[in-house]
Amino acid sequence: MHNSFNGSVVIVGASLAGLRAAEGLREAGFTGPLTLIGDEPYPPYDRPPLSKTVLAGRMPADHTYLPQVRDINAEWLLGKPATGLNLAQRIVELEDGRTVPFDRLLITTGTRARPWPDVTQAAIDGVYTIRTLEDSARLRGRLAAHPRRVLVIGAGFTGSEVASVCRELDLPVTVTERSTAPMASALGGAAGLVTAHMQRNHGVDLRCNTTVMSLEADAQGKLCYAHLSDGDLLPIDVVVVALGAVRNVEWLYGSGLAVDARGVVCDASCRVFDADGIVTDDIFVAGDVARWPHPLFSGQLLAVEHWGNAVTQAAVAAHNMLCAPSERRPHRHIPTFWSNQFGFNIKSVGLPTIADEVVVTQGSVAEQRFVATYGQQGRIVAAIAVNMPRWLDFYTDLIEKKAVFPPVLNAPDSPAVLHVMPAGFPAHGQATHSPVVEVTGPGPSTPVSVNGATSESAPADPRVPVGPAPL
Ligand SMILES: Cc1cc2nc3c(=O)[nH]c(=O)nc-3n(C[C@H](O)[C@H](O)[C@H](O)COP(=O)(O)OP(=O)(O)OC[C@H]3O[C@@H](n4cnc5c(N)ncnc54)[C@H](O)[C@@H]3O)c2cc1C
């Protein structure tokens, strides 16, 4: 690629996607001024260990700093939140009053933890969320002090990983989940039944179809009880609120870009749309905060909160920020995700959330080693591998080829008869946790109604119970 652009580049969001894009720009020969703006005071670090090895005390929090594969020769403005974007003047406004001019801008502001909705209860000593290095270090300190019981609100990936760490540390833990099973929102109810079994086998007090109505502090302001929708008054001293993520978009409101609570809309080349649906030439977006059309999934805008997506989208954005229009690349990444919990390695590829059916295609649930394949209208759209990670590439290929569902694999470890089941995804807003990867509507300025959700609609209040009363 020939790079003739030597103006200034500003990246807002100095984390995984921001750093990898900066490296990509320099790799491609960009020699102009480069500025990274981040609201956290630290250099970029890796989040996946925060709910796994760091929380378990097997890795110090400061060992999560991301390796920097080349000198990016940038000005780092850390601990400096961006508060506004002025497109006419081409400046980013910072909280401290400073303005930073740019010729090309990359938005990589990611997400933050969705807080407990009652502000007073959220501030009780003992209530935690987990998104940042500080969050993880603080919670680690609390777990190491042997609380009598931990309550995890929300059994998505993060909540389930926290519960797993608690059991690893031999701590009593209760998990509440508004839908029928852990990770139901991300993997569906059928796979969720397997994960429910996994949690209970490891001693988790898992309560599905149940939620937390309120949290109570003692006279010293320390957390002491949770009031559950099943009528229980649970004595606890630590709560981990694991309700999913909120996209960091507020600083862009009023900028004229196509932005709402679901993210920043871009085309397949990562160029951001303006609010009228016209694609900009100099504003790009990547990572958890982006929504982009995926050619494999009917051009629906995807929002993906995955490590691998942040890395690959950042590389595509960096390339397209410098190249000639004819050399632009589409971001065609097929979402992949991994999680380690209760001694299980879970990997997913594709878009489970759009599936209507699921079937075990290799291994067996009883042996705790299997691949389940997801289908939508007769074609394979996703797969999850439990303790069988090396098969994921094979299934990625089937998804790319839009292979027929259910597949006939003739694998020696395929079940003799394929039992196709409904995937069992909960209705929008029913699960306590967010799905981590989802389709969010067809176009940049379309008034949205995806499964009943509107563009700005708040997710369901986790304090409202749904579903049948637990047995
Ligand atoms: C606990 C945890 C465990 C995870 N585990 C896994 C896993 O096992 N597998 C997996 O695939 N993914 C996992 N993820 C998700 C993965 O970490 C994210 O997909 C990835 O971090 C996204 O990178 P990003 O750069 O797009 O966004 P982020 O990492 O969210 O970075 C955005 C940065 O921008 C900053 N920012 C926000 N607003 C502003 C502003 N106005 N001004 C300046 N800076 C701003 C933020 O503070 C942050 O530093 C996990 C995430 C967490 C929190």
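The values are calculated or read from the model by the stated rules, or taken from the named source; none is laboratory data. Note that the coordinates shown come from a computational prediction; the quantities given were computed from them, not determined experimentally. Neighbour counts run over all protein chains shown; Cβ positions are idealised from the backbone, glycine included.
Looking at VAL371, VAL386, VAL450, just one residue is at pLDDT below 85 and either hydrophobic (A, V, I, L, M, F, W, C) or more than 24 Å from VAL175 (Cβ to Cβ) (or both), and that residue is VAL450. Here PRO172 passes the criteria (1) surrounded by 15 or more Cβ atoms within 10 Å (Cβ to Cβ); (2) in contact (Cβ under 8 Å) with a residue 60 or more places away in the chain except the one numbered (2). Of the residues making up the range 28-52, those that are more than 11 Å from the ligand (Cβ to nearest atom) and part of a loop (DSSP other than H, G, I, E, B) are ALA28, GLY29, PHE30, THR31, GLY32, PRO33. Determine which member of the set LEU106, LEU55 is within 15 Å of the ligand (Cβ to nearest atom), in the same structural domain as SER15 (by TED's automatic domain parsing), in a helix (DSSP H, G or I) and under 22 Å from the mean Cα position of the chain (by Cα). Selected residue: LEU55, the only one of LEU106, LEU55 that is within 15 Å of the ligand (Cβ to nearest atom), in the same structural domain as SER15 (by TED's automatic domain parsing), in a helix (DSSP H, G or I) and under 22 Å from the mean Cα position of the chain (by Cα). Within the range 349-365, residues that are at positive phi sit with their Cβ atoms under 6 Å from residues that are of a type in the set (A, V, I, L, M) and part of a strand (DSSP E or B), at 6+ positions apart or across chains, in these pairs: GLY350/VAL381; GLY350/ALA382.
Table: residues versus (1) away from the ligand (no atom under 13 Å from the Cβ); (2) under 29 Å from PHE425 (Cβ atoms); (3) of a type in the set (S, T, N, Q).
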position: LEU139; (1), (2), (3): no, no, no
position: ALA144; (1), (2), (3): yes, no, no
position: VAL150; (1), (2), (3): yes, yes, no
position: ARG200; (1), (2), (3): yes, yes, no
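Of the residues examined, LEU87 is not one that is buried (at least 19 other Cβ atoms within 10 Å of the Cβ) and in contact with a strand residue (DSSP E or B) (Cβ under 8 Å, 6 or more places away or on another chain). Quick check on the range 61-69. Is at least one of its residues within 12 Å of the ligand (Cβ to nearest atom) and on the phi > 0 side of the Ramachandran plot? Looking through the range 61-69, none of the residues is within 12 Å of the ligand (Cβ to nearest atom) and on the phi > 0 side of the Ramachandran plot.
Residues in the range 366-387 that are of a type in the set (S, T, N, Q), farther than 17 Å from SER339 by Cβ and touching a residue at least 24 places away in the same chain (Cβ under 8 Å): THR373, GLN376. Considering the range 219-266, the qualifying strands (runs of 3 or more DSSP E), each wholly inside and each with 1 or more residues that are surrounded by 20 or more Cβ atoms within 10 Å (Cβ to Cβ) and within 27 Å of the chain's Cα centre (by Cα), run over 223-228, 238-241, 245-247, 263-265.
With GLY159, GLY188 as the choices, which residue is small (Gly, Ala, Ser), assigned by TED's automatic domain parsing to the domain that holds TYR225, buried (at least 24 other Cβ atoms within 10 Å of the Cβ) and within 16 Å of the ligand (Cβ to nearest atom)? Step through it out loud before you land on a result.
Working: GLY188 fails: within 16 Å of the ligand (Cβ to nearest atom).
Unique residue meeting the criteria: GLY159.
Restricting attention to the range 258-295 and to residues that are among the acidic types (Asp, Glu) and within 13 Å of LEU87 (Cα to Cα), the residue that is farthest from the ligand (Cβ to nearest atom) turns out to be ASP281.
Filter the range 288-344 for residues that are among the acidic types (Asp, Glu) and part of a loop (DSSP other than H, G, I, E, B); which is surrounded by the fewest Cβ atoms within 10 Å (Cβ to Cβ)? Only one residue fits best here, namely GLU305.
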